[in-house]
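To start, the structure under review is shown below, and the notes come after it.
Please treat every number below as a calculation from the coordinates, not as lab data. Note that the structure is a prediction, hence the values are computed from the model and not measured. All Cβ positions, even for glycine, are placed from backbone atoms using ideal geometry, and neighbour counts span all protein chains on display.
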Amino acid sequence: MQSSLLDNFAVVDSHPIDWYDGMVSGLARLRDEPGWFYVSLLAWSQEVDEQVLALLPASDEFANRVLCMLPGDSSGNEEQWQAINAEVLKHRVGYQGKVRLIRCRHFGDPIIALAEIDVDDLGLREQLGRDVQSALHDDEVEKWLGLPGLQLVP
């Protein structure tokens, strides 16, 4: 399944929750993959223009609740964003299982590398949903871009 996703990765539907020169967090559907994924930027190296994003499986019920709360434009009010963030936090805290990590230039671009880890490994659960400034931090870039399985093969 991993090599199939690596070769055939394609985003068919995406809904950003947070955006900064690309998706920082949001919901997405992938071609040839059932259901929704909560997407969260873990690391972004501006030096090599590559990102590591986590794809956390999400139920249709969760996705529908969040999609119904998202404002039609980025404005929204504070109460809406608090409700969305509370829903996302509840999902992140309650999730148990594997999370796909993808390395790419930007979400939706071809995957450079792919790995799967448990949500509780390497402090992943705590990293989900952080802001873009955290993803740009050198420690996070080194940690996630250097992860075995996400390293580039010469």
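Binning the alpha carbon pair distances of segment 78-146 at 5 angstrom intervals from zero yields the distribution 3, 13, 20, 24, 22, 12, 5, 1, expressed in whole percent. Between ASP138 and VAL12, the FRET efficiency from the beta-carbon distance, with R0 = 41 Å, is close to 0.75. Charge tally for VAL39 (other residues, Cβ to Cβ under 14 Å; Lys, Arg +1; Asp, Glu -1): +1. A Cβ-based charge dipole, computed about the Cα centre of segment 2-145 with Lys and Arg at +1 and Asp and Glu at -1, lands at about 380 debye. To the nearest ten degrees, helix 60-69 and the longest principal axis of the Cα atoms of the chain are 60 degrees apart.
Mean sequence separation of contacting Cα pairs (under 8 Å, at least six apart), scaled by the length of the chain, corresponds to a relative contact order of 24 percent. Computed over segment 2-145, the percent of Cα pairs more than 28 Å apart is 12.
The mean of 1/r over all pairs of different alpha-carbon atoms in segment 39-80, once inverted, gives a Kirkwood hydrodynamic radius of 12.9 Å. Rounded to the nearest 0.05, the FRET efficiency derived from the C-beta distance between ASP118 and ARG65 at R0 = 25 Å is 0.50.
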